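The values are calculated or read from the model by the stated rules, or taken from the named source; none is laboratory data. What you see is a predicted model; the values in this text were computed from it and never measured. So basically every Cβ, Gly included, is an ideal-geometry build from the backbone, and we count neighbours across all protein chains shown. For accessibility, only protein heavy atoms count, side chains too; no ligands or nucleic acids. Shrake-Rupley method; radii C 1.70, N 1.55, O 1.52, S 1.80 Å.
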Amino acid sequence: MSTKHQTLGEFIIENQSSFRYTSGELSRLLNSLRLAAKVVNHEVNKAGLVDILGAAGDVNIQGENQQKLDVYANEIFIQTLTKRNIVCGIASEEEDDFISINSQDEKHQNKYVVLIDPLDGSSNIDVNVSVGTIFSIYRRVTPVGTPVTMEDFLQKGSEQVAAGYIVYGTSTMLVYTTGHGVNGFTLNPAIGSFYLSHPNMTFPESGTIYSVNEGNYLDFPLGIKKYIKYCQEEAEDRPYTSRYIGSLVSDFHRNMIKGGIYMYPKGSRNPDGKLRLLYECNPMAFLAEQAGGKSSDGYTRTLDVQPTSLHQRVPFICGSKKMVEKAEQFMREFGE
Ligand code: P6P
C-alpha cells in the first residue's frame, strides 16, 4: 500500500465536519477503535502460534464456549474505550449487562455509547478462517453526566451515528460509515497504519451469490425455502453460487464487493434467528443501506425494529437490494 493513500486518521479528521456533532468526540472514538483493532489483529494473526486458542473455560450469555481470543478482544476494546475516557457506556456480546462509564471529570461528560461484538465468528479461529469485530455507536438519550440506562442502548438501528467492522482476513480491513457512505481501510502491518483502499463502497444492486447455512433448510420458513430453490433453478442468471463462510463479517464483506445476499432465518432451533439485533444486525444493516443495499427480517426493515433487550435476536436478510426484495417477495407470498 503506497503511502500516497490517505490514512484512516487523516480521513477521520478530514470528514469530522460532516459528523452531526462536531465536538471531536466521535473522531476520538473512531480513533480508539482503530487502535484496539490493531492490537486485536496482532493477536488474531498469531493465534496459531501462541497457546491462546481453545475455550477460556467460561461460557458467555449466549451459552457459547468463550475462546480465549473472544475474551482477549473483549478486554482490549473495553479497556481502550474506558481508559481513554471516550464513551459513557459499552454493551458487548461477551458481557451479560452493559457497562456504565461515569467520568469524574466534569469537562469529559461523554455523549456516546458503543455496542460491540468483539470477535464474531470466533468458532472459526482455530481452523484459521477469518473472523471480525462489529461495532455500533449511538448518542445517549438520557441526560449527559448521569449514569447511562438501558434506554441508551435499546435505540432503533436508524438512530446509529456510526457503525462498522474490522475483518481479520487475508488482509485486515476496517470498514465503517457515519451516515455519509461506506469507506474501507486496509492495514499495512509493516507500519501499522490503515490506508483508504476502498472509497465509497457500494453493494451491486443485484448479484449471484447467496449465503445461508443450508444445513438448516428443513427448519426454514416456507418463503425462505422457496427463495433458495429460486436461487438454485436454471433460469435467467441462475443458478446462483452458494458461498457461506460461517463468519458474518466475511460473508457480508464479500457480498458487498461482489453482490450477494446473506440470510440467517428463524427456525425451530432459533425461533428468533441466531444473530443479535443490537451489535450484529443493526450495524451491518446501517452499512448495507449506506452502501445502497437493503436489510430486513423478511418483513420489517432491520433499522426500524424497536429493541426490547440487549441480546435479543432477529431473523436477518441483508445484501444487494434486488436480491433482498426478491426474498421478501417470497416471504410475503409463502410466509412461514
Ligand atoms: P451457523 C458466528 O457465530 C455467527 O454469529 C455469524 O458470524 C455467522 O454468520 C453465523 O453465526 C454462523 O452460524 O449456525 O451457520 O454456524
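Of the numbered criteria (1) under 17 Å from residue 160 (Cα atoms); (2) more than 12 Å from the ligand (Cβ to nearest atom); (3) part of a helix (DSSP H, G or I), the one residue 231 fails is (1). What tally of residues in region 31-71 results from selecting those that are crowded, with 19+ Cβ neighbours inside 10 Å and modelled with pLDDT of 85 or more? The total comes to 11. Output the helices (runs of 4 or more DSSP H) that fall wholly within region 245-336 and possess 2 or more residues being surrounded by fewer than 19 Cβ atoms within 10 Å (Cβ to Cβ), or say none. Correct list: 248-258, 321-334.
If you check residue 127 against the conditions, is it at pLDDT below 95, within 15 Å of the ligand (Cβ to nearest atom), open to solvent by 30 Å² or more (accessible area, probe 1.4 Å) and not charged (D, E, K, R)? Give the derivation first.
Values: at pLDDT below 95: yes; within 15 Å of the ligand (Cβ to nearest atom): yes; open to solvent by 30 Å² or more (accessible area, probe 1.4 Å): yes; not charged (D, E, K, R): yes.
For residue 127, the condition - at pLDDT below 95, within 15 Å of the ligand (Cβ to nearest atom), open to solvent by 30 Å² or more (accessible area, probe 1.4 Å) and not charged (D, E, K, R) - is met.
Select, from 127, 148, the only residue that is in contact (Cβ under 8 Å) with a residue 12 or more places away in the chain and among the aliphatic types (A, V, I, L, M). Write out each step before concluding.
Numbers: 127 fails: in contact (Cβ under 8 Å) with a residue 12 or more places away in the chain.
It is 148.
Of the residues that sit in region 145-175 and are in a loop (DSSP other than H, G, I, E, B) and crowded, with 22+ Cβ neighbours inside 10 Å, which one is nearest to the chain's Cα centre (by Cα)? It would help to see each step written out before you state the result.
First pass over region 145-175, keeping only residues in a loop (DSSP other than H, G, I, E, B): 145-149, 154-156, 160-161, 169-171.
Among the residues that remain, those that are also crowded, with 22+ Cβ neighbours inside 10 Å are: 148, 160.
Numbers: 148: 23, 160: 12 Å.
Ranking the qualifying residues of region 145-175, first place goes to 160.
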